[in-house]
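The values are calculated or read from the model by the stated rules, or taken from the named source; none is laboratory data. Computed from a prediction, not measured in an experiment: that's the story for all the values here. Glycine also receives a Cβ, built like all others from the backbone with ideal geometry; neighbour counts cover every protein chain displayed. All accessible areas refer to the heavy atoms of the entire protein, side chains included, with ligands and DNA or RNA removed. Shrake-Rupley method; radii C 1.70, N 1.55, O 1.52, S 1.80 Å.
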Amino acid sequence: MSSTPLDRVVAGFADRFGHRPDGVWSAPGRVNLIGEHTDYNEGFVLPFAIDQRTYVALALRPDRRARVASEGFDEDAEISLDDLGPTSVSGWSAYPLGTAWALGRVGGDLREVAGFDAYFVSEVPTGAGLSSSAALECSLAVALNDSWKLGLDGTTLVRAAQLAENEVVGAPTGILDQSASLLTERDAALFLDCRDATSRNVPLGLEDAGLGVLVIDTRVTHAHAGGGYASRRASCEAAASALGVSALRDVAVADLDAARAVLDDETFRRARHIVTENQRVLDTVEVLGTTGATGIGELLVASHASMRDDFEISVPELDLAVTTAMDAGAIGARMTGGGFGGSAIALVRTEVADEIGDRVTRAFAEHGFTPPRIFTVTPSAGARREQEQHSR
Ligand code: ADP
Ligand code: MG
């Protein structure tokens with residue numbers, strides 16, 4: 001009846017491996033507050049880490065074996081550190097074992113390090129757009145960085161986790177998810193420049209303002225999401241090249257009128273989303289520093305409209321979630337993540353959060369949509385070592 005994930009990860013480790021872990025580390029999932037599809041255009045994003053985390057209990061071994069197991073996932077994996085490589089691991093273990101391998105690629109010296117046993121317990125739902133994959137990678141990245149005494153900084157760990165996802169798992173993702181999971185502070189969002197990977201924490205002050213964030217997981221997944229992503233990316237590259245810049249990051253809102261003359265209508269609208277979205281991220285950071293979070297509602301709503309009308313990556317369920325939340329009194333709402341399904345977020349006053357959630361659930365029922373999964377997230381601290389448990 002161990003209930004907390006911390007208890008479960010320690011107990012699960014002992015069950016699986018027959019000894020006690022050296023320690024427990026954790027890394028959070030994330031929600032992107034604003035800045036969608038701007039990452040691969042070398043622009044700005046503003047994610048925050050959520051209170052759902054992935055925990056890893058880990059112990060070093062006297063030999064060079066690496067063993068990983070995860071609560072609720074069938075296949076345990078085992079390999080020698082000497083055999084680790086981009087093609088030597090598969091299935092879910094490609095994320096953690098890929099991360100172990102990648103630490104050696106970003107500057108860690110793994111020639112003499114000890115093998116390890118690692119057991120994972122996660123509260124981050126998979127495939128809901130909350131980046132369970134980054135939470136998994138980043139929890140192990142901090143655990144091994146400490147245990148192996150590699151001394152790598154957060155930005156370097158971001159690169160290792162990204163390398164694991166790109167080269168080992170084979171998913172062409174940027175640095176947004178891993179940066180959010182590793183670098184974000186409590187009650188803050190991470191203002192990240194995807195051109196040079198510099199970042200800084202921007203206080204959100206949600207608790208003081210009596211605000212919360214609802215995640216509305218539409219549970220819609222579209223088979224063509226991958227194709228849609230690739231075609232949007234291609235449009236952005238075509239626009240940048242027609243406008244003579246290396247990335248749409250270099251186009252300002254004031255340049256858009258001139259761009260309209262050069263681009264066909266569809267490509268122009270794709271570019272306009274990126275250019276205005278970059279500006280909205282900058283504006284959001286500014287408003288957070290002056291008025292505070294109560295002032296960012298219009299920017300969130302404008303971001304959603306831009307994704308719906310210009311970038312065309314929304315779906316009816318996401319639009320309904322946003323309009324219903326706004327009608328029910330949300331301060332702002334938008335779809336979040338890559339689009340074609342997934343989740344919307346709504347910034348709400350805590351005392352009306354449940355009521356807004358109920359209104360959205362009812363609207364989905366009235367439209368004959370699959371019931372959404374709705375829950376609150378709290379902006380939380382990035383990856384860390386957990387307190388030692390001395391309970392027995
Ligand atoms: P997400 O948006 O949640 O990151 P991804 O498709 O990128 O979705 O990653 C989900 C995959 O990550 C799962 O299918 C699984 O392979 C792996 N994964 C995530 N969390 C865990 C976990 N706790 N244990 C094992 N594998 C996990
Ligand atoms: Mg992922």
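Given axes a ≥ b ≥ c from the Cα gyration tensor, I'd like to know whether the chain is rounded (a/c under 1.5), prolate (a/b larger than b/c) or oblate. Prolate, because a/c is 1.5 or more and a/b exceeds b/c. With respect to the chain, whose longest principal axis is taken over its alpha-carbon atoms, helix 225-242 is tilted by about 60°. Solvent-accessible area assigned to carbon and sulfur over the range 5-201 amounts to 44 percent, based on a 1.4 Å probe. The angle between the Cα long axis of helix 265-289 and the longest principal axis of the Cα atoms of the chain comes to about 70 degrees, rounded to the nearest 10. Compared with the dominant principal axis of the Cα atoms in the chain, helix 297-309 is inclined by about 80°.
What the range 38-135 shows is 37 Å² of accessible area per residue, with the surface traced by a 1.4 Å probe over protein heavy atoms. For the range 204-377, the share of accessible area belonging to carbon and sulfur comes to 49 percent (1.4 Å probe, ligands and nucleic acids excluded).
Take 310-321, 202-213, 42-53 and order them by the average number of nearby Cβ atoms within 10 Å per residue, most first; the result is 42-53, 310-321, 202-213. Considering only R249, R362, R280, the Gaussian network model of the chain with Cα springs below 10 Å gives its largest mean-square fluctuation to R362.
Rounded to the nearest Å, what's the spacing between the alpha carbon centres of the range 138-152 and the range 266-316? Just the number, please. So the separation of the two Cα centres works out to 36 Å.
Taking +1 at the Cβ of each Lys and Arg and -1 at the Cβ of each Asp and Glu, which of S93, S132, A160 sits farthest along the dipole of the range 78-182 towards its positive end, judged by Cα position relative to the Cα centre? Toward the positive end, the furthest listed residue is A160. Sorting 131-140, 263-272 by average packing, meaning the other beta carbons within 10 Å per residue, from highest down gives 131-140, 263-272.
Tell me whether the range 204-377 comes out rounded, prolate or oblate; compute the Cα gyration tensor, take square roots of the eigenvalues as a ≥ b ≥ c, and use a/c under 1.5 as the rounded threshold. Oblate, because a/c is 1.5 or more while a/b does not exceed b/c.
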